[in-house]
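The values are calculated or read from the model by the stated rules, or taken from the named source; none is laboratory data. Values in this document were obtained by computation on a predicted structure and should not be read as measured data. Counting neighbours? That spans all protein chains shown, and the Cβs are built from the backbone with ideal geometry, glycine included.
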Amino acid sequence: MHIPVLLQEVLALLDPKENQHVIDCTAGEGGHALAILEKTAPKGKVLAIDWDTESIAKLKKKIASVPQAKNRVVFVNDSYASLANIVEKEKFGPVHGILLDLGFSSFHLDESARGFAFRKEEPLDMRYNPHNPMTAAKLLNYQSRGDLEWIFKKYGEERYARRIVEEIVTTRAKTPIEKTTQLVEIIERSTPATYRKQRLHAATRVFQALRIAVNNELENLEAVLPQARDILEPGGRLAVISFHSLEDRIVKHFFKNDLILTPQTKRPVMATQEEVDSNPKSRSAKLRVAIKTANAT
Ligand SMILES: C[S@@+](CC[C@H](N)C(=O)[O-])C[C@H]1O[C@@H](n2cnc3c(N)ncnc32)[C@H](O)[C@@H]1O
């Protein structure tokens, strides 16, 4: 099961109140959404968006079994990059809070069988949404050397990007790269032994880079932030949990430079040691929250 990260901190800073309407742009397994529904009872609604078709179907089932929540959720299977259209189509509002909890969930790692986890043998898919035409395998087998190197450097900050790409190009000339295990072997063959002894697994950065590229994660984040700001009621709050510096940088700059948002968190809020001990994924989580100026129109 996915354990929602920074849950108490999100509730304190997003501050959902009785009967308010909130958008969860990354509803996943519903941990944050259910806690928000508790705070906004009895009449507050949640617009629960997830790009992953399987995740949203599972969430629908889960929420159907929660009597206090089941009639107060609108489910949408779409990308938050289309937030304005979704809100308009669903006629959802007025909106007092918007949450983005970025990246993938435990479902993706443990159950989806789409190659998010480098410790298992799975097809290199990595899509959140099956309608997305790009897969990790397509990227690896058809992108140019230069593009792959750029992806690994930019989205993975991978220092051995060039060596790994050389090995990918040599391998794919002989046999297509389809499985996570093939990619892990390529990375292990092309990086020094010392790199493989570090705390972070040698494949972590390349897998992160591929996931970001396949799903256009940074472009989607850049697209949603101004839409979220426009959708919020004056006084409404926008909370974003990011998991790596590329995402956090985008959020930080947007909050800092936007004239009608006031950041509530000078520094990002991070998990306590207690949370990190019970949920290691929270180690890299950073929460930033901003309030839309009360007199903004
Ligand atoms: C970290 S999980 C959210 C977990 C959730 N807060 C919970 O408590 O269970 C992130 C979710 O965002 C979804 N996601 C990723 N990119 C998305 C996008 N562009 N639009 C909508 N959902 C997206 C993923 O499918 C995943 O379920």
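Key figures
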quantity: Matching residues in the stretch 4-26 - criterion: being assigned to a loop (DSSP other than H, G, I, E, B) and either among the hydrophobic types (A, V, I, L, M, F, W, C) or at positive phi (or both); calculated: 5, 6, 15, 19, 25
quantity: Residue ranges of helices (runs of 4 or more DSSP H) in the stretch 187-297 with at least 1 members under 18 Å from the mean Cα position of the chain (by Cα) and in contact (Cβ under 8 Å) with a residue 40 or more places away in the chain; calculated: 204-214, 217-231, 245-257
quantity: Count of residues meeting criterion [surrounded by fewer than 24 Cβ atoms within 10 Å (Cβ to Cβ) and either near the ligand (Cβ under 7 Å from one of its atoms) or in a strand (DSSP E or B) (or both)] in the stretch 27-42; calculated: 2
quantity: Residue 90 being of a type in the set (D, E, K, R), closer than 30 Å to residue 182 by Cα and surrounded by fewer than 22 Cβ atoms within 10 Å (Cβ to Cβ); calculated: no
quantity: Segments classed as strands (runs of 3 or more DSSP E), wholly inside the stretch 43-106, with at least 3 members that are more than 11 Å from the ligand (Cβ to nearest atom), assigned by TED's automatic domain parsing to the domain that holds residue 33 and in contact (Cβ under 8 Å) with a residue 60 or more places away in the chain; calculated: 95-101
quantity: Output for the stretch 159-186, where each listed residue is within 26 Å of residue 221 (Cα to Cα) and in a helix (DSSP H, G or I); calculated: 161
quantity: Selection within the stretch 198-250 - within 27 Å of residue 93 (Cβ to Cβ), surrounded by fewer than 23 Cβ atoms within 10 Å (Cβ to Cβ) and of a type in the set (Gly, Ala, Ser); calculated: 223, 235
quantity: Of the criteria (1) touching a residue at least 12 places away in the same chain (Cβ under 8 Å); (2) in the same structural domain as residue 268 (by TED's automatic domain parsing); (3) within 27 Å of residue 284 (Cα to Cα); (4) more than 8 Å from the ligand (Cβ to nearest atom), which one residue 12 fails; calculated: (1)
quantity: Selected residue (criterion: farthest from residue 217 (Cα to Cα)) from residues of the stretch 146-158 that are at pLDDT 95 or above and surrounded by fewer than 19 Cβ atoms within 10 Å (Cβ to Cβ); calculated: 146
